[in-house]
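Participant: Once you've had a glance at the structure underneath, I'll fire off some questions.
The values are calculated or read from the model by the stated rules, or taken from the named source; none is laboratory data. The shown structure was predicted, so the numbers you read here are calculated from the model rather than taken from an experiment. Here the Cβ positions follow ideal geometry from the backbone for every residue, glycine too, while neighbour counts run over all protein chains shown.
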Amino acid sequence: MTHLLAQQTTQPTAVGTNLDFVVIVAYLALILGFGSFFGRFARTTKDFFFSGAKFSWWLIGMSMVATGVGSHSFMKYAQKGYEHGMSSGMSYMNDWFFIPLFMFGWLPIIYFSRVRSIPEYFQRRFGTTARFLAVLVILEYMVGYIGFNLYTLGTAAHQVLGIEIWQAIVAISIISGIYITAGGQTAVIFTDLAQGFMLLGAGLLLFVLGLDYLALDSALVDGVRALWTNLSLSERLPFAHFNEPQSFNFVGVFWQDGIAGSITFLFISQGLIMRFLAAKSVNEGRKAILFNTVFILPLSMIVVGNAGWIGNAAIDMGLIEPPEEARDIFVTIASAVCIPGVFGFVLAALSAALMSTIDTMTNATAALFVYDVYQPYIRPGASDRHYMRSARVTSAVTALLGMGIGLFFMTFGKDMYEVHGQFQAFVTPPIVAAVFLGAFWKRFNSAGAVAALIGGMAAIGLSKFFPDLVRPFAHGVAPDEDGQFNYMTAFFGLMCSAVIGVAASLLTKPKPDAEIAGLWIGTMDFAQKKFKGANPDYKVGQRIRAGLSVSSDGTTPMTTALTATDFAQGKAPPRRPVGTGPPAPEYPIVRLDPADMERLKAAPGDLLYVSDSRWWLGGLRSSHCRAGEPHNEGNAVLMHEDAYEAGNFLSGRTVRVEKFF
Amino acid sequence: MGIPEYWWPYLYQYGVGLVIFMIGIFLILGYKSCNLTRQRDRFWFGVLIFGFIWYAGIHFLWYMAALYIMPAEAAGGAG
């Protein structure tokens with residue numbers, strides 16, 4: 001294979017060409033238009049923040065790729081790959097151990113209890129004080145994270161394209177801010193789907209071009225052989241050395257990323273939780289996390305790290321000079337192996353990685369503000385229309401705030417970034433411990449949660465002054481030049497928070513069972529019953545296809561926890577509660593043919609999921625419904641006009657129906 | 001003869017990981033959040049076990065490739 005796409009030079013150009021600029025600008029314009037298109041699908045706050053809770057697993061799973069891979073990931077893991085070889089991505093392949101607790105614990109808890117944010121979970125599980133602390137911590141974390149990502153992308157753009165850091169920060173903030181404000185979570189999911197393909201494609205393309213580069217004028221397989229041969233044994237292994245060097249070792253990464261990081265990602269990431277709440281069911285959420293963990297994460301490991309591996313081998317082969325700084329290896333390799341235009345495509349993937357992280361965080365921050373600050377404390381009891389407006393305003397303000405913090409980081413440089421990082425090291429382990437114990441230990445109570453949050457932060461603070469406190473957890477890893485055990489601080493903080501929280505819980509009265517029903521793992525049957533408004537029916541039926549007809553005969557636009565029989569008997573739905581509580585279940589009643597009901601194994605009152613039969617829409621045109629009394633009008637689904645419009649259905653299309661429980 | 005140092009991370013990850021994984025399994029089965037009398041839960045339980053084996057298997061094969069596809073290189077020592 002010849003180097004059709006590679007520049008025939010051993011020296012990187014390091015600066016993009018005009019064609020690269022054009023590719024990047026075209027990509028950004030495309031994403032802006034694509035994301036803004038989904039504004040029409042956001043009519044309510046449930047649509048805006050949770051996309052109506054109706055999407056398929058592949059949409060959720062694929063969009064998570066882009067959320068999990070930030071722009072800094074390419075730089076960071078390429079550098080680690082260059083310095084340490086294939087162990088660079090070991091943190092991408094150690095997430096499975098907590099999946100049982102996520103799939104059968106945390107996911108059903110948040111889905112069935114209709115928790116909309118982590119602080120709301122704290123409110124219901126522990127009380128107001130714990131919620132207040134959680135709001136402060138998580139809001140700071142998310143806004144700071146947006147700023148940090150903008151700053152890293154600005155730095156990369158400056159380095160590669162020669163544009164000013166602030167220009168990149170402002171441009172990306174405005175673009176992502178516009179489509180998030182317009183389309184909310186639906187725009188986030190669909191743009192992240194596109195950006196996920198974009199960054200996976202660009203990363204894999206870079207890998208192939210890199211192998212081709214190493215192959216010289218031979219076949220691609222020779223490039224694989226050259227890569228493998230020019231890495232030492234330790235660089236070919238999937239794990240780093242057990243506890244050396246201090247800056248990158250297996251045991252530190254295992255506890256920081258595999259344990260603390262995995263719990264943080266799965267259990268307290270507001271953006272990720274909202275993504276799962278956008279799934280049409282718990283089962284779809286399980287499929288999404290399975291797809292992501294088993295297939296996408298190993299692929300992502302290759303995508304983000306391969307530039308470093310290629311660079312390592314290319315330097316050994318004398319094809320390129322080592323970069324002055326190891327962190328420049330991504331740009332060095334990308335510019336060495338790509339022709340103009342392709343280089344721009346790779347850089348657009350960096351922007352994709354950034355935007356897809358920022359849009360998720362912006363939408364999540366807006367949700368947190370609306371549900372945990374605005375609705376309960378500033379304007380309780382307003383209409384959903386009002387909250388919808390406030391959601392859009394908050395999204396725009398969050399995008400501007402993130403931009404401001406990105407510019408702030410730029411002004412004060414590395415020092416501010418480190419302050420932010422250290423603040424996170426303080427606050428994350430305690431909140432992780434509190435969520436984890438709350439979900440899996442019934443006896444854990446409000447006093448325990450507050451003690452874990454405050455005591456955990458205090459213990460981590462102490463460890464900064466007395467680093468030897470962390471030494472028993474260090475597994476022989478040496479401290480850094482400041483005497484700190486950086487990797488192990490998270491583990492130490494988790495342990496201290498958990499011990500303090502457990503002790504405080506055991507010394508105080510437990511919360512009554514009724515108050516925590518549905519909020520911890522031992523009460524999942526109750527949670528499902530409450531979610532459905534009746535006993536769950538686990539009989540699995542078939543999916544059916546049918547025509548969709550608009551009819552008001554026995555159908556309803558919405559009802560609240562009423563069965564079709566209740567409705568037929570003239571019982572009025574209770575008023576929907578407003579204010580701080582979770583939304584009551586609202587489902588339109590639809591009617592099906594008796595034969596279809598039999599094939600679905602459904603009875604009146606059961607929950608159904610009705611969607612456009614085109615699978616590739618991923619649930620964009622769909623609705624959860626409640627089965628009403630059967631009709632005798634043949635193979636058709638009768639649906640009220642309002643529900644038809646709310647579900648974004650199109651006339652003349654067949655729909656697919658499945659039983660929800 | 002002790003276990004070569006380069007195997008320590010593998011044994012540690014899948015040793016400590018197995019303990020965490022099993023605690024999770026016992027919790028979800030003990031509290032019947034995963035109820036093996038239900039067909040769908042039995043499927044997902046199988047998936048959970050498969051996932052553990054999948055990762056342990058990938059890493060094991062990766063080790064084998066790193067160690068034995070180029071035995072001469074392997075003599076260079078692990079880091």
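Participant: Could you give every pair whose Cβ atoms fall below 6 Å, whose first residue belongs to the range A:362-379 and is more than 11 Å from A:Phe49 (Cβ to Cβ) and without any contact (Cβ under 8 Å) to a residue 60 or more places away in the chain, and whose second residue is in a helix (DSSP H, G or I) and of a type outside the set (Phe, Trp, Tyr), counting only separations of at least 6 or pairs across chains?
Facilitator: A:Tyr374/A:Ser390
Participant: Restricting attention to the range B:17-47, report how many residues are among the hydroxyl-bearing types (Ser, Thr, Tyr) and either touching a Pro at 6+ places or on another chain (Cβ under 8 Å) or at positive phi (or both).
Facilitator: 1
Participant: Residues to consider are A:Arg236, A:Arg286; find the one that is over 25 Å from the mean Cα position of the chain (by Cα), of a type in the set (Lys, Arg) and at pLDDT 90 or above.
Facilitator: Working: A:Arg286 fails: over 25 Å from the mean Cα position of the chain (by Cα).
That would be A:Arg236, the only listed residue that is over 25 Å from the mean Cα position of the chain (by Cα), of a type in the set (Lys, Arg) and at pLDDT 90 or above.
Participant: Okay, next question. For the range A:129-140, indicate whether the set of residues that are surrounded by fewer than 24 Cβ atoms within 10 Å (Cβ to Cβ), away from chain B (no Cβ under 13 Å), under 17 Å from the mean Cα position of the chain (by Cα) and at pLDDT below 90 is non-empty.
Facilitator: Within the range A:129-140, the first condition is being surrounded by fewer than 24 Cβ atoms within 10 Å (Cβ to Cβ), and the residues that meet it are A:129, A:131-133, A:135-137, A:139-140.
Keeping just the survivors that are away from chain B (no Cβ under 13 Å) gives A:129, A:131-133, A:135-137, A:139-140.
Subset that is under 17 Å from the mean Cα position of the chain (by Cα): A:139.
Add one more test, that the residue is at pLDDT below 90, and what stays is A:139.
Checked the range A:129-140: at least one residue is surrounded by fewer than 24 Cβ atoms within 10 Å (Cβ to Cβ), away from chain B (no Cβ under 13 Å), under 17 Å from the mean Cα position of the chain (by Cα) and at pLDDT below 90.
Participant: Quick one: how many residues across the range A:476-493 are farther than 11 Å from A:Gly252 by Cα and either buried (at least 19 other Cβ atoms within 10 Å of the Cβ) or not assigned by TED's automatic domain parsing to the domain that holds A:Asn249 (or both)? Full working, then the answer.
Facilitator: Within the range A:476-493, the first condition is being farther than 11 Å from A:Gly252 by Cα, and the residues that meet it are A:479-484, A:492-493.
If we keep only those that are either buried (at least 19 other Cβ atoms within 10 Å of the Cβ) or not assigned by TED's automatic domain parsing to the domain that holds A:Asn249 (or both) too, we end up with A:492-493.
Count: 2.
Participant: Identify all residues within the range B:39-71 that are facing another protein chain (nearest Cβ under 8 Å), under 22 Å from A:Asn292 (Cβ atoms) and of a type in the set (Phe, Trp, Tyr); write none if there are none.
Facilitator: B:Trp44, B:Phe52, B:Trp54, B:Tyr55, B:Trp62
Residues are listed down the side, and each one gets a yes or a no for (1) of a type in the set (A, V, I, L, M); (2) within 17 Å of the chain's Cα centre (by Cα):
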position	(1), (2)
A:Val337	yes, no
A:Ala353	yes, yes
A:Thr357	no, yes
A:Ala367	yes, yes
A:Arg385	no, no
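Participant: Looking at the range A:324-364, which of its residues are touching a Gly at 6+ places or on another chain (Cβ under 8 Å) and not in a helix (DSSP H, G or I)?
Facilitator: The one that is touching a Gly at 6+ places or on another chain (Cβ under 8 Å) and not in a helix (DSSP H, G or I): A:Pro340.
Participant: Residue by residue through the range A:597-633, note down the ones that are touching a residue at least 40 places away in the same chain (Cβ under 8 Å), surrounded by 19 or more Cβ atoms within 10 Å (Cβ to Cβ), over 16 Å from A:Gln542 (Cβ atoms) and not aliphatic (A, V, I, L, M).
Facilitator: Answer for the range A:597-633, where residues must be touching a residue at least 40 places away in the same chain (Cβ under 8 Å), surrounded by 19 or more Cβ atoms within 10 Å (Cβ to Cβ), over 16 Å from A:Gln542 (Cβ atoms) and not aliphatic (A, V, I, L, M): A:Pro604, A:Gly605, A:Asp612, A:Gly618, A:Gly619, A:Ser622, A:Ser623, A:His624, A:Arg626, A:Gly628, A:His631.
Participant: Continuing with this model, one more query. More than 30 Å from A:Arg131 (Cα to Cα) and surrounded by fewer than 24 Cβ atoms within 10 Å (Cβ to Cβ): which single residue out of A:Phe291, A:Phe343 fits that description? Give the derivation first.
Facilitator: Values: A:Phe343 fails: surrounded by fewer than 24 Cβ atoms within 10 Å (Cβ to Cβ).
Exactly one residue qualifies, and that residue is A:Phe291.
Participant: Further question on the same structure: What do you reckon, is B:Tyr14 out of contact with any Pro (no Cβ under 8 Å at 6 or more places or on another chain), among the hydroxyl-bearing types (Ser, Thr, Tyr) and closer than 22 Å to A:Val294 by Cβ?
Facilitator: Yes; evaluated as a whole, the condition is true for this residue.
Participant: Yes or no: the range A:157-169 includes at least one residue that is among the β-branched types (Val, Ile, Thr) and under 30 Å from A:Gly619 (Cα atoms). Show your work before the answer.
Facilitator: First, the residues of the range A:157-169 that are among the β-branched types (Val, Ile, Thr): A:160, A:163, A:165, A:169.
This time we only want the ones that are under 30 Å from A:Gly619 (Cα atoms), so: none.
Checking the range A:157-169: not a single residue is among the β-branched types (Val, Ile, Thr) and under 30 Å from A:Gly619 (Cα atoms).
Participant: Residues of the range A:494-510 being more than 30 Å from the chain's Cα centre (by Cα) and buried (at least 22 other Cβ atoms within 10 Å of the Cβ), which ones?
Facilitator: Initially, the range A:494-510 is screened for residues more than 30 Å from the chain's Cα centre (by Cα), giving A:503-510.
Within the range A:494-510, A:Ser505 is the sole residue that qualifies.
Participant: Give, as residue ranges, the helices (runs of 4 or more DSSP H) completely inside the range A:30-118 that count at least 2 residues that are more than 13 Å from chain B (Cβ to nearest Cβ).
Facilitator: Numbers: elements: A:45-50, A:57-68, A:71-84, A:107-112.
Where helices (runs of 4 or more DSSP H) fall fully within the range A:30-118 and carry at least 2 residues being more than 13 Å from chain B (Cβ to nearest Cβ), they are A:45-50, A:57-68, A:71-84.
Participant: In the range B:13-38, how many are within 7 Å of chain A (Cβ to nearest Cβ) and either crowded, with 18+ Cβ neighbours inside 10 Å or of a type outside the set (Lys, Arg) (or both)? I'd like the intermediate steps shown before the answer.
Facilitator: Of the residues in the range B:13-38, the ones within 7 Å of chain A (Cβ to nearest Cβ) are B:13, B:17, B:20-21, B:24-25, B:27-28, B:31, B:33-34, B:38.
Then keep just the ones that are either crowded, with 18+ Cβ neighbours inside 10 Å or of a type outside the set (Lys, Arg) (or both); that gives B:13, B:17, B:20-21, B:24-25, B:27-28, B:31, B:33-34.
The total comes to 11.
Participant: Within the set of pairs 6+ apart or on separate chains, which have a first residue in the range A:227-240 that is within 8 Å of chain B (Cβ to nearest Cβ), a second that is surrounded by fewer than 18 Cβ atoms within 10 Å (Cβ to Cβ) and modelled with pLDDT of 95 or more, and C-beta atoms under 7 Å apart?
Facilitator: Qualifying pairs under 7 Å: A:Pro238/B:Trp62.
Participant: Only residues that are in a loop (DSSP other than H, G, I, E, B) and more than 18 Å from A:Leu59 (Cα to Cα): list them for the range A:263-292, please. Spell out how you get there, then give the answer.
Facilitator: First, pick out the residues of the range A:263-292 that are in a loop (DSSP other than H, G, I, E, B): A:269, A:278, A:280-281.
Within the range A:263-292, A:Ser269 is the sole residue that qualifies.
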